[in-house]
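Take a look at the structure below.
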Amino acid sequence: MNRKFTTLLLSLFLCSATILAQDGQKSQLQTSVENGTKTVEQYYKGNSYQEAFDLCRTLDQNINANGQNDAEKAALHYLVSKERMQMYMKMRRTQSAKDHLNIMESYANASNDDAVKNDLLYSKAIYFYTFGMNEQGNAVFNEMAEKLTASKNYDKVEDAYKTLIASGRRSGSANMVAEAYNKYIAWKDSASVLKHTDEINSLKKQIADNEATIADKDGSLTTRWAIIIGLGILAAALAAALIVGAIVLLRYILLTRNQKKAIKLSNDNNALKAKFISNISAQLEPTLKKLDSNLPEVKALLGFSEHIQTLSKLENSIDEEVEMEETQVAQFCEGLLSQINGKVKKDVTIKMDAPKMSALINKEYVSHILLHLLNNAAIYTPAEGHIGLDYKKRGAHTHQFLVSNTGSNIPEELREDIFKPFLEIRDLTTGDGLGLPICKQMALKMKGDLFIDPAFTKGVRFVLELHA
């Protein structure tokens, strides 16, 4: 749909909602804004970021024009700012996402709405988990869960955990899914106990109230017998409640164990598959080495076999810690660039922007990743082009290596797939497609990430983000 036409329709709908509110009917402004933010979500999910940002500005203008009071405006502005933050998270723009998270907090405070404030805690948790700040994410999510549990909103807590797990699956963050699932299981068990404790306490209160009534009344024997019978019924109900509670608790424990067994079985199967493929590759390698290694096909198969074993080894040891060492950044980068000097085309300019400082890195993995990216840049950068290697400090515990070149840009729809192995059948003499997936696994093993900078438009720029 044309962006201007969409914006016009939204403006007309918001104006009509305001007229209805002035006529004494229920205001439709919030519904209109919620529908608008859904449209924004569809835009940026389709990578139409310009349309999404334009629609956000239109929504903010209509809220300012049609809101009934400051609290309502703040609550609605919060919804729009939340979409902006999610866009920046999808674009991997950490600082911009954080800035909008701060804006959302000011709107939540101004709204005086507990639901909005609880949603802010959930949004903060999503932000921290998305960018690998698990400790902060755990703290924020625990705060939200404790608030809802204290107010006995058990269903809302359960929905929040399920939403968090679903978000982790959509974003492909195995760490976020594992963190959320483990906490969900622990909370589920404790919540079941709390529910049954509440029921038992309620029954105990009824018994206490009845006993007080007996003490206050001067009843006859018939009355006393009636009270005794009533107490017996309550005691039976209490016993029945305890039995039912025990059955429910056992059911949840059994279900949890079954789910854990299913997950363990799936992980074991994946590990066995990876080991099987690696073993096949290792068994083929001696035979391949007996062939003429000068033949392109044999050389390609040997490289493919080595890459498969490397990828399998990384996947099987993804949770193992890697050794880090203090490294002089400028000297390290100069050594990498010296290895591609003779590989670039005529008049290609190679630039480096790295400060004379030290950083804590795993030299083996970082060297492998950056050399692979620089060699690719040497291949695809045309004559008189530019290749760059930069180092940026992004925060107290975050730093980045950036490799850029002025070659052809990578289409948006292919930027995620280039990091996935075995997506297509290829001619191995032209490359096996495992170079970037191996680099991605190395980055993840260092608790970092490797991605393409969506804001760079003069070619392509890869970002290796690490957390110290």
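The values are calculated or read from the model by the stated rules, or taken from the named source; none is laboratory data. Just so we're clear, the structure is a prediction, and the values are computed from it rather than from any experiment. Here Cβ is always computed from backbone atoms with ideal geometry, including for glycine, and neighbour counts include all displayed protein chains. Surface areas here come from the heavy atoms of the whole protein model, side chains and all, with no ligands, DNA or RNA. Shrake-Rupley method; radii C 1.70, N 1.55, O 1.52, S 1.80 Å.
For the stretch 210-239, the candidate set comprises residues that are at pLDDT 75 or above and of a type in the set (S, T, N, Q); within that set, the residue that is farthest from Ile200 (Cα to Cα) is Thr222.
Residues in the stretch 432-440 include at least one that is open to solvent by less than 10 Å² (accessible area, probe 1.4 Å), under 22 Å from Glu315 (Cα atoms) and either of a type in the set (Ser, Thr, Tyr) or touching a strand residue (DSSP E or B) at 6+ places or on another chain (Cβ under 8 Å) (or both).
Residues in the stretch 118-151 that are of a type in the set (Val, Ile, Thr) and under 18 Å from the mean Cα position of the chain (by Cα) were compared, and the one that is modelled with the lowest pLDDT is Val140.
Restricting to the stretch 91-119, what's the tally of residues that are buried (at least 16 other Cβ atoms within 10 Å of the Cβ) and more than 26 Å from Thr398 (Cα to Cα)? Qualifying residue count for the region: 9.
Only a single item in (1) of a type outside the set (Asp, Glu); (2) assigned to a helix (DSSP H, G or I); (3) modelled with pLDDT under 90 is not met by Lys82, and it is number (3). Inside the stretch 120-138, can you point out the residues that are part of a helix (DSSP H, G or I) and open to solvent by 20 Å² or more (accessible area, probe 1.4 Å)? Hits for the stretch 120-138 are Tyr122, Lys124, Ile126, Phe128, Thr130, Asn134, Glu135, Gln136, Asn138.
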